[in-house]
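**Q** I have a structure I would like to understand better, so I am pasting it below and will then ask my questions one at a time.
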Amino acid sequence: MQQGSVDAFGAPVSADTLKRYSGGAITVNSTQAITGTVSNDSASQVVTGNNAITGDAFSSASGLPSVIQNSGNNVLIQNGVIVNVEMKP
């Protein structure tokens, strides 16, 4: 096995070769349609709680942490994340 190669992928290509396949100046437009609805709901004799995030809540976090909090009733929570990754040689 050559230095820098990975089994089943073969030898790596040079930076000059990668430059020819670069996305260049392409503009990425990402759209996310979140279309949930809440209707005809009711809540009676309910107690809501408290939400708290402590100082070390994200101390071991990695990646793209997301926090969604709710202390109400009959709530639709929708969350979407779009991640565009650009790789340069």
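**Q** List every residue pair whose Cβ atoms lie under 8 Å apart, where the two residues are 6 or more positions apart in sequence or sit on different chains, the first residue falls within segment 59-71 and is farther than 22 Å from Ile82 by Cβ, and the second residue, located anywhere, is assigned to a loop (DSSP other than H, G, I, E, B) and of a type in the set (A, V, I, L, M).
**A** Close Cβ pairs satisfying both conditions: Asn70/Ile77.
**Q** Can you find even one residue in segment 19-26 that is within 17 Å of the chain's Cα centre (by Cα), loosely packed, with under 10 Cβ neighbours inside 10 Å, closer than 30 Å to Met87 by Cβ and small (Gly, Ala, Ser)?
**A** Within segment 19-26, none of the residues are within 17 Å of the chain's Cα centre (by Cα), loosely packed, with under 10 Cβ neighbours inside 10 Å, closer than 30 Å to Met87 by Cβ and small (Gly, Ala, Ser).
**Q** Moving on to the next point. Within segment 37-50, can you find the residues that are in contact with a Ser or Thr (Cβ under 6 Å, 6 or more places away or on another chain) and either touching a residue at least 60 places away in the same chain (Cβ under 8 Å) or exposed (fewer than 10 other Cβ atoms within 10 Å of the Cβ) (or both)?
**A** Taking segment 37-50 first, the residues in contact with a Ser or Thr (Cβ under 6 Å, 6 or more places away or on another chain) are 48-49.
Of everything in segment 37-50, just one residue is in contact with a Ser or Thr (Cβ under 6 Å, 6 or more places away or on another chain) and either touching a residue at least 60 places away in the same chain (Cβ under 8 Å) or exposed (fewer than 10 other Cβ atoms within 10 Å of the Cβ) (or both), namely Gly49.
**Q** Could you check Phe58 against (1) modelled with pLDDT of 85 or more; (2) part of a loop (DSSP other than H, G, I, E, B); (3) exposed (fewer than 10 other Cβ atoms within 10 Å of the Cβ) and say which number it fails?
**A** Among (1) modelled with pLDDT of 85 or more; (2) part of a loop (DSSP other than H, G, I, E, B); (3) exposed (fewer than 10 other Cβ atoms within 10 Å of the Cβ), Phe58 violates only (3).
The values are calculated or read from the model by the stated rules, or taken from the named source; none is laboratory data. Since the model is a prediction, treat every value here as computed from it, not as a measurement. So basically every Cβ, Gly included, is an ideal-geometry build from the backbone, and we count neighbours across all protein chains shown.
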